[in-house]
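Taking it in order: structure first as structure tokens, then the write-up.
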Amino acid sequence: MGERLEVRIGIIGGTFDPIHVGHLVAAEEVRHCLRLEKVLFVPAGQPPHKKLQKVSPAIHRVKMVELSIASNPFFELSLVDVRRPGKSYTVETLEIIRREYPADTELYFIIGMDSLAELTTWKDPARLIALAKLAVVNRPPYPKVDLMSLEAKLPGVSRRVEMVEIPGIYIASSDLQERVATGRPIKYQVLEAVEAYIKEVGLYL
């Protein structure tokens with residue numbers, strides 16, 4: 001019998017309010033570079049870091065993700081966060097996803113360079129990096145994180161990071177919300193189906 005190949009699953013989480021082409025480009029580039037079997041898109045239920053910001057109802061954010069990933073057979077929607085009560089801490093989300101796959105499945109959590117810089121402020125970062133490797137993508141204008149400095153605060157992290165260079169697209173969901181609110185275009189920054197949905201539902205006005 002042939003040796004069983006390691007199964008690699010990518011996970012990209014976020015508020016996705018709205019999901020934009022930056023998210024999609026990052027997920028696809030990581031999928032290709034790290035040879036992932038698929039990438040799970042996990043909309044946050046109650047993001048703890050956005051207490052002061054208004055977040056669109058999950059039903060709309062989930063729908064925009066569905067519309068965005070429909071044409072990619074390697075992308076899959078996961079509702080683990082929106083279906084569970086309480087705040088959406090990444091480490092708890094990864095615990096749930098970890099239980100859904102065989103023990104030898106390698107999980108890769110996709111984050112931007114800005115999130116890596118703040119990783120030690122997240123809930124239980126040591127457990128987080130034990131559950132999943134980190135696929136870290138460049139995110140202009142954020143500078144590259146010094147892994148050795150981060151290692152001093154979070155031992156073992158440098159062995160759990162895979163840096164992936166992606167096309168330098170800087171789009172922020174908060175900027176897209178402001179653009180809609182002020183009547184500026186978002187065309188080409190989100191997929192056409194998402195742009196149409198935002199107009200249809202009247203989001204961000």
Yes or no: region 150-166 includes at least one residue that is in a helix (DSSP H, G or I), within 18 Å of the chain's Cα centre (by Cα) and not small (Gly, Ala, Ser).
yes
Which one of Glu95, Glu37, Glu76, Glu29 is of a type in the set (Asp, Glu), closer than 17 Å to Leu128 by Cβ and modelled with pLDDT of 95 or more?
Glu95
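Looking only at helices (runs of 4 or more DSSP H) that fall completely inside region 1-103, which ones have 3 or more residues that are within 26 Å of Ala126 (Cβ to Cβ)? Working first, answer last.
Numbers: elements: 21-33, 58-69, 90-99.
Because the criterion is at least 3 residues that are within 26 Å of Ala126 (Cβ to Cβ), the helices (runs of 4 or more DSSP H) in region 1-103 that meet it are 21-33, 90-99.
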Name the single residue that is surrounded by the most Cβ atoms within 10 Å (Cβ to Cβ) among those in region 22-70 being more than 27 Å from Ala196 (Cα to Cα) and among the aliphatic types (A, V, I, L, M).
Leu36
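Can Tyr197 be described as aromatic (Phe, Trp, Tyr), part of a loop (DSSP other than H, G, I, E, B) and surrounded by 12 or more Cβ atoms within 10 Å (Cβ to Cβ)? Even if it seems obvious, please write down each step before you answer.
On the way: aromatic (Phe, Trp, Tyr): yes; part of a loop (DSSP other than H, G, I, E, B): no; surrounded by 12 or more Cβ atoms within 10 Å (Cβ to Cβ): yes.
Considered against the rule, which asks whether it is aromatic (Phe, Trp, Tyr), part of a loop (DSSP other than H, G, I, E, B) and surrounded by 12 or more Cβ atoms within 10 Å (Cβ to Cβ), Tyr197 comes out as no.
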Which ones in region 93-116 are surrounded by fewer than 18 Cβ atoms within 10 Å (Cβ to Cβ) and over 19 Å from Leu24 (Cα atoms)?
Glu95, Ile96, Arg98, Arg99, Glu100, Tyr101, Pro102, Ala103, Asp104, Thr105, Glu106
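Output the residue which, of all residues in region 126-143 that are within 21 Å of Gly10 (Cβ to Cβ) and more than 16 Å from the chain's Cα centre (by Cα), is modelled with the lowest pLDDT. Quick ask: steps written out before the conclusion?
Initial filter on region 126-143 (within 21 Å of Gly10 (Cβ to Cβ)): 127-139, 142.
After this cut, where a residue has to be more than 16 Å from the chain's Cα centre (by Cα) as well, the list is 127, 130, 142.
On the way: Arg127: 98, Ala130: 98, Tyr142: 84.
Top of the filtered list is Tyr142.
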Taking into account only those residues within region 136-171 that are in contact with a helix residue (DSSP H, G or I) (Cβ under 8 Å, 6 or more places away or on another chain) and of a type in the set (Gly, Ala, Ser), which is surrounded by the most Cβ atoms within 10 Å (Cβ to Cβ)?
Ser158
Scan region 190-203 and report the pairs whose first residue is more than 14 Å from Val62 (Cβ to Cβ) and whose second residue is loosely packed, with under 12 Cβ neighbours inside 10 Å, with Cβ atoms within less than 8 Å and a gap of 6+ or a chain change.
Glu195/Lys187
Checked region 82-114 for anything under 12 Å from Ile12 (Cα atoms) and of a type outside the set (A, V, I, L, M); matches are Thr90, Thr93, Tyr108, Phe109, Gly112
Region 166-185, residues that are free of Cβ contacts under 8 Å to residues at least 60 places away in the same chain and of a type outside the set (Gly, Ala, Ser)
Asp175, Glu178, Arg179, Val180, Thr182, Arg184, Pro185
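The values are calculated or read from the model by the stated rules, or taken from the named source; none is laboratory data. Only a predicted model underlies this, so the values are computations on that prediction, with no experimental measurement involved. FYI the Cβ positions are ideal-geometry reconstructions off the backbone, even for glycines, and counts take in every protein chain you see.
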